[in-house]
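Reading through the structure tokens given below for one structure.
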Amino acid sequence: MKLSVNLPRGLVLKNPIVAASGTFGFGPEYKDLVNIGDLGGVSVKGVSPEPWPGNPPPRVWETTGGLLNSIGLQNHGVEAFCAHDLPFLRDTGTAVIVNIIGHTVEEYQRVAERLAKEPGVSALEVNISCPNIKQGGMSFGHDPDQAYLVTQAVRKGSDLPMMVKLSPNVPSPAVIAEAVQSAGADMISAINTLVGLAIDKERRRPALGGTTGGLSGPAIKPIALRVVYEVAQRVKIPIIGMGGITTASDVVEFLMAGAHAVMVGTVTFQYPRRMQEIVAQLPDELLRWGFSSVQEAVGAALPSKRGGLFDALT
Amino acid sequence: MIHLLRVPIIRREEPAPGHVELWLQSPELATSTPGQFADVVTEGMLRRPISFSRIDRANHQVAMLLQVVGDGTRWLAAQRPGTMLDVMGPLGNGFLPPAPARDWCLVGGGVGIPPLYAAVQAWGTHTASRPTVILGARDQQLLLLVDEFQALGCVVEITTDNGTRGRRGTVEAPLCDWLDSHPDGQVYACGPTPMLASVARLTQGRTGIFLALEQRMGCGIGACLACVIPGYGVSGQAGYLRVCTDGPVFRSEELIFE
Ligand SMILES: Cc1cc2nc3c(=O)[nH]c(=O)nc-3n(C[C@H](O)[C@H](O)[C@H](O)COP(=O)(O)OP(=O)(O)OC[C@H]3O[C@@H](n4cnc5c(N)ncnc54)[C@H](O)[C@@H]3O)c2cc1C
Ligand SMILES: Cc1cc2nc3c(=O)[nH]c(=O)nc-3n(C[C@H](O)[C@H](O)[C@H](O)COP(=O)(O)O)c2cc1C
Ligand code: FES
């Protein structure tokens, strides 16, 4: 079965399963355990122009069906990434997606320009969940105008295929999606984590060092599907869906909701080989629901595509 | 080399109330260095990091001694011989053995005690001098591996918070005494963070002080940057170190305690 996915600007994924940013390190960490070349792609942990220290620990806390994290985008900066991590990933045969972050519009552009010069980068994923320090710390992803400006700046900085990653912590992610599409984004990735809180009863304080954290894992899957489904009806550009995926069956749901490919995050911590297992099981799972390729399943549950058996009968 | 394994439990014991020791059959895990750990699937979203209490290379066995503190450890403690566990390991760096000519002392609290026992087992006690082991617990019932350390030839000193056995109080007093009488001695410590902070403070200026830390983890293999503690990286700059891959064993001069 044809599993490969063709995306804008010549980006080709050999299959629709991509490691989600922040859960697969900067590349080499999982090399003993995972055959990285078998994955459709790897989105590395967010990379900024200069190193970021991250938040104080504890940085993770388990919740029912989910995981809260407040890593705080710790990374050693784009120069160290290009020198130490990129050479490894470039030789694995997987699509290398670099997740980029910044505190100002200029920082986003700077990191995009730097990566555009580096061989081996397949695409950029613009994480707009960072606090805009010039605008008092509000996240770029929470305002369509800010999201537009960041996207435009990254577009100016690089010709690489570019996806913008949406935050679910806004009333309408689809409005942000429209803004970044009009600013030149080639793709959307969604969703990032949902803001949450846990209490450490023993220490009588919020559990995480960063006070609040981002919720990921199976608990957020219905929200992620809702966002993908809404965004797919509002923009023309392809969507990479994610949020709580743990099985090939989950992947088919995301495809049917309108995603062209998916990212898999939190489940990798418990089962490092789960992404490879999903790749292996996906053909059977697609056939089971009547699809003979990935492409056929994309958007099958959207109102525009339905018109199936039951609609015909009623 | 890190492995993803399915390994059988071959023996189960209850060495203290609320504690269970599980023996696992695994040639891969039996190559571990004392201080290394494994990440075990239980229930919930994440694996549980547990150190090795015994490493038996000859018989391809390891053991884990765990205290029941929550759902994951409760599930593990309820497993019986014959059960297969989903284990990732060996993880982390492990202890460096003591310098041949130097005296050494081990300081353990709670479930920090088991990896120190694995260390003495691996290195033996026929070193410069017999090692002293200082064990601390809230109550005598919670002391772990006392007879086992004695059987290996260690000098064992005990402290309990409530005075039910050994000196009343923390491990600090016996450690101060040992440090006074062993000016060039090395210390290996594992236990609650406040205990490690006081070991670091009391041994300031010495070399060869090794501390094994705990932190909440995500991936266990260095990818997620969840398990960090403040310290000095290779560049010497203050920042965050990963307990799972830079540790769990650190030289005391690498760490910053608040
Ligand atoms: C390197 C290392 C070695 C360890 N060795 C041992 C050992 O030999 N024996 C032993 O009994 N325990 C050991 N621990 C502690 C053990 O990992 C925790 O007690 C266990 O994870 C608790 O899980 P739970 O589900 O029972 O508790 P819960 O409190 O329900 O766990 C909730 C979450 O917090 C995490 N967590 C809770 N306490 C700790 C802790 N102290 N350290 C790290 N994560 C924690 C859990 O992994 C889980 O993700 C070690 C921890 C580390 C980091
Ligand atoms: C520990 C951790 C770190 C993350 N770091 C990043 C990051 O640096 N950049 C980013 O865009 N998303 C980051 N994410 C979000 C994931 O990429 C993904 O959007 C989210 O976890 C939902 O997918 P999942 O439920 O499969 O994990 C992180 C998630 C986790 C759990
Ligand atoms: S637990 Fe992920 S880096 Fe240590």
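The values are calculated or read from the model by the stated rules, or taken from the named source; none is laboratory data. No experiment lies behind these values; they were computed from the predicted model shown. Cβ: placed from backbone, ideal geometry, glycine included. Neighbour counts: every protein chain shown.
Whenever a residue of segment B:66-78 is over 16 Å from A:Gln270 (Cα atoms), it has no partner that is within 16 Å of ligand 2 (Cβ to nearest atom) and in a helix (DSSP H, G or I) lying with C-beta atoms less than 6 angstrom away and at least six residues away or across chains.
If the condition is being within 16 Å of ligand 3 (Cβ to nearest atom) and more than 14 Å from chain A (Cβ to nearest Cβ), then segment B:200-237 contributes only B:Ala212.
Contact map, segment A:31-59: first residue over 25 Å from A:Thr104 (Cα atoms) and in contact (Cβ under 8 Å) with a residue 40 or more places away in the chain, second residue assigned to a loop (DSSP other than H, G, I, E, B) and hydroxyl-bearing (Ser, Thr, Tyr), Cβ cut-off under 6 Å, separation 6 or more or different chains; pairs are A:Ile36/A:Thr92; A:Ile36/A:Thr94; A:Gly37/A:Thr92; A:Gly37/A:Thr94; A:Leu39/A:Thr94; A:Gly41/A:Thr94; A:Val42/A:Thr94. Count of segment A:216-244 residues, restricted to those that are among the acidic types (Asp, Glu) and either within 12 Å of ligand 2 (Cβ to nearest atom) or closer than 20 Å to A:Trp61 by Cα (or both), is 0.
If you go through segment A:245-270, how many residues are near ligand 2 (Cβ under 10 Å from one of its atoms) and in contact (Cβ under 8 Å) with a residue 60 or more places away in the chain? Give the derivation first.
So in segment A:245-270, the residues near ligand 2 (Cβ under 10 Å from one of its atoms) come out as A:245-246, A:250, A:262-269.
Filter once more, so that each one left must be in contact (Cβ under 8 Å) with a residue 60 or more places away in the chain: A:262-266, A:268-269.
Of the residues in segment A:245-270, 7 are near ligand 2 (Cβ under 10 Å from one of its atoms) and in contact (Cβ under 8 Å) with a residue 60 or more places away in the chain.
Of all the numbered requirements in (1) assigned by TED's automatic domain parsing to the domain that holds B:Leu144; (2) within 16 Å of ligand 1 (Cβ to nearest atom), B:Gly222 misses one, and that requirement is (1). Looking across segment A:123-148, the residues that are crowded, with 19+ Cβ neighbours inside 10 Å and more than 15 Å from ligand 2 (Cβ to nearest atom) come down to A:Asn132, A:Gln146, A:Tyr148.
Is at least one residue of segment A:147-158 under 25 Å from A:Gly241 (Cβ atoms) and in a loop (DSSP other than H, G, I, E, B)? Checking segment A:147-158: at least one residue is under 25 Å from A:Gly241 (Cβ atoms) and in a loop (DSSP other than H, G, I, E, B). When you look at B:Leu106, is it touching a Leu at 6+ places or on another chain (Cβ under 6 Å) and modelled with pLDDT of 95 or more, yes or no? Yes; evaluated as a whole, the condition is true for this residue. Could you go through segment A:246-264 and let me know if any residue there is surrounded by fewer than 21 Cβ atoms within 10 Å (Cβ to Cβ) and either among the acidic types (Asp, Glu) or touching a strand residue (DSSP E or B) at 6+ places or on another chain (Cβ under 6 Å) (or both). The answer is no, given that none of the residues of segment A:246-264 is surrounded by fewer than 21 Cβ atoms within 10 Å (Cβ to Cβ) and either among the acidic types (Asp, Glu) or touching a strand residue (DSSP E or B) at 6+ places or on another chain (Cβ under 6 Å) (or both).
Can you pull out every residue in segment B:110-136 that is crowded, with 24+ Cβ neighbours inside 10 Å and assigned to a strand (DSSP E or B)? Break it down stepwise before answering.
Residues of segment B:110-136 that are crowded, with 24+ Cβ neighbours inside 10 Å, as a first pass: B:112-119, B:131, B:133-136.
Residues satisfying the conditions are B:Val133, B:Ile134, B:Leu135, B:Gly136.
Residues in segment B:25-45: is at least one among the polar types (S, T, N, Q), near ligand 1 (Cβ under 9 Å from one of its atoms) and closer than 25 Å to B:Pro192 by Cβ? Within segment B:25-45, one or more residues are among the polar types (S, T, N, Q), near ligand 1 (Cβ under 9 Å from one of its atoms) and closer than 25 Å to B:Pro192 by Cβ. Scanning for something within 16 Å of ligand 2 (Cβ to nearest atom), at positive phi and in contact (Cβ under 8 Å) with a residue 60 or more places away in the chain, does segment B:219-234 turn up at least one residue? Yes, the conditions are met somewhere in segment B:219-234.
Note on segment A:41-122: enclosed strands (runs of 3 or more DSSP E) holding 3 or more residues that are surrounded by 19 or more Cβ atoms within 10 Å (Cβ to Cβ), within 14 Å of chain B (Cβ to nearest Cβ) and at pLDDT 95 or above are A:60-63, A:66-69. Residue count for segment B:1-49 under the criterion of being more than 14 Å from chain A (Cβ to nearest Cβ) and farther than 23 Å from B:Asp246 by Cβ: the result is 22. Take B:Arg168 and tell me if it is away from chain A (no Cβ under 14 Å) and either within 16 Å of ligand 2 (Cβ to nearest atom) or out of contact with any helix residue (DSSP H, G or I) (no Cβ under 9 Å at 6 or more places or on another chain) (or both). Against the criterion (away from chain A (no Cβ under 14 Å) and either within 16 Å of ligand 2 (Cβ to nearest atom) or out of contact with any helix residue (DSSP H, G or I) (no Cβ under 9 Å at 6 or more places or on another chain) (or both)), B:Arg168 qualifies.
Evaluated against (1) at pLDDT 95 or above; (2) outside any loop (DSSP other than H, G, I, E, B), A:Lys134 falls short on exactly one condition, (1).
Please verify whether B:Leu241 is of a type outside the set (Phe, Trp, Tyr), within 16 Å of ligand 1 (Cβ to nearest atom) and without any contact (Cβ under 8 Å) to a residue 40 or more places away in the chain, treating the condition exactly as stated. Taking the combined requirement at face value, the residue satisfies it.
Among the residues of segment B:192-213, is there at least one that is closer than 26 Å to A:Pro272 by Cβ, at pLDDT 95 or above and either part of a loop (DSSP other than H, G, I, E, B) or away from ligand 1 (no atom under 13 Å from the Cβ) (or both)? Scanning segment B:192-213 turns up at least one residue that is closer than 26 Å to A:Pro272 by Cβ, at pLDDT 95 or above and either part of a loop (DSSP other than H, G, I, E, B) or away from ligand 1 (no atom under 13 Å from the Cβ) (or both). Could you check how many residues of segment A:22-40 are under 16 Å from the mean Cα position of the chain (by Cα) and more than 11 Å from chain B (Cβ to nearest Cβ)? Total satisfying the criteria: 2.
Could you check how many residues of segment A:222-241 are of a type outside the set (A, V, I, L, M) and either surrounded by fewer than 20 Cβ atoms within 10 Å (Cβ to Cβ) or over 16 Å from the mean Cα position of the chain (by Cα) (or both)?
Going through segment A:222-241 one residue at a time, the tally reaches 6.
For segment B:3-26, filtering for residues that are part of a loop (DSSP other than H, G, I, E, B) and either in the same structural domain as B:Pro114 (by TED's automatic domain parsing) or surrounded by fewer than 20 Cβ atoms within 10 Å (Cβ to Cβ) (or both) leaves 2. Consider segment B:238-258 and keep the residues that are charged (D, E, K, R) and assigned to a loop (DSSP other than H, G, I, E, B). The one that is nearest to the other protein chains (Cβ to nearest Cβ) is B:Glu258.
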